[in-house]
Amino acid sequence: MEEVKKKQPISISEVKEILGKVDPEAMDQIQRWTFDYVSKFAKLDPKAAKTMREQLIKECELTAEEAAEIVNIRPTTLAELRSFTFGWKKLILAETLEKILKITKENS
């Protein structure tokens, strides 16, 4: 098993890309389960997912965790977006919510 070099939140599309480079025979049980999961649910190109995540952090002042959550969910309406951001326990201005939706639509 390799040593952990860096920890950071990433999208499921990015996880799929990373695990896709590993020989399935060399994966442990958890890696295989994870790869199976991300293969079913990752619907976005990994480069687009990374771009979207970085854009959300930079332009909307989201944390890495929040940005990864938005990339994974890709909300399409303000109501859907608010249902996720409500759990973050911080105030997000309406103009920032609109910007988040714009970014998710542009990169999808």
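Miscellaneous remarks
- Exactly one residue out of LYS50, LYS7 is basic (Lys, Arg) and touching a residue at least 12 places away in the same chain (Cβ under 8 Å), and it is LYS50.
- Selection count, the stretch 29-51, where residues are acidic (Asp, Glu) and either assigned by TED's automatic domain parsing to the domain that holds GLU95 or not in a helix (DSSP H, G or I) (or both): 1
- Restricting the stretch 68-108 to residues that are in contact with a Lys or Arg (Cβ under 7 Å, 6 or more places away or on another chain) and of a type in the set (Val, Ile, Thr) leaves a set whose member that is nearest to PHE41 (Cα to Cα) is VAL71.
- Whichever residue in the stretch 58-81 is buried (at least 17 other Cβ atoms within 10 Å of the Cβ) and charged (D, E, K, R) and, among such residues, is nearest to ALA48 (Cα to Cα): ARG74
- Taking the criterion of being of a type outside the set (Asp, Glu) and assigned to a helix (DSSP H, G or I), the residues of the stretch 74-85 that qualify are LEU78, ALA79, LEU81, ARG82, SER83, PHE84, THR85.
- Residues in the stretch 86-108 that are of a type in the set (Val, Ile, Thr) and either assigned to a helix (DSSP H, G or I) or touching a strand residue (DSSP E or B) at 6+ places or on another chain (Cβ under 6 Å) (or both): THR96, ILE100, ILE103, THR104.
- Count of residues meeting criterion [surrounded by fewer than 17 Cβ atoms within 10 Å (Cβ to Cβ), within 16 Å of ALA64 (Cβ to Cβ) and within 17 Å of the chain's Cα centre (by Cα)] in the stretch 82-108: 2
- Total residues in the stretch 52-73, condition farther than 23 Å from TYR37 by Cβ and either assigned to a helix (DSSP H, G or I) or in contact with a strand residue (DSSP E or B) (Cβ under 8 Å, 6 or more places away or on another chain) (or both): 6
- Of the residues making up the stretch 9-42, those that are under 19 Å from GLU69 (Cβ atoms) and over 11 Å from the mean Cα position of the chain (by Cα) are LYS16, GLU17, ILE18, THR34, TYR37, VAL38, LYS40, PHE41.
- Annotation: of all residues in the stretch 63-108 being of a type in the set (Ser, Thr, Tyr) and in contact with a helix residue (DSSP H, G or I) (Cβ under 9 Å, 6 or more places away or on another chain), the one that is modelled with the lowest pLDDT is SER108.
The values are calculated or read from the model by the stated rules, or taken from the named source; none is laboratory data. This one's a predicted model, so the numbers in the text were calculated from it and none came from an experiment. Cβ coordinates were reconstructed from backbone atoms using ideal geometry, including for glycine residues, and neighbour counts include every protein chain displayed.
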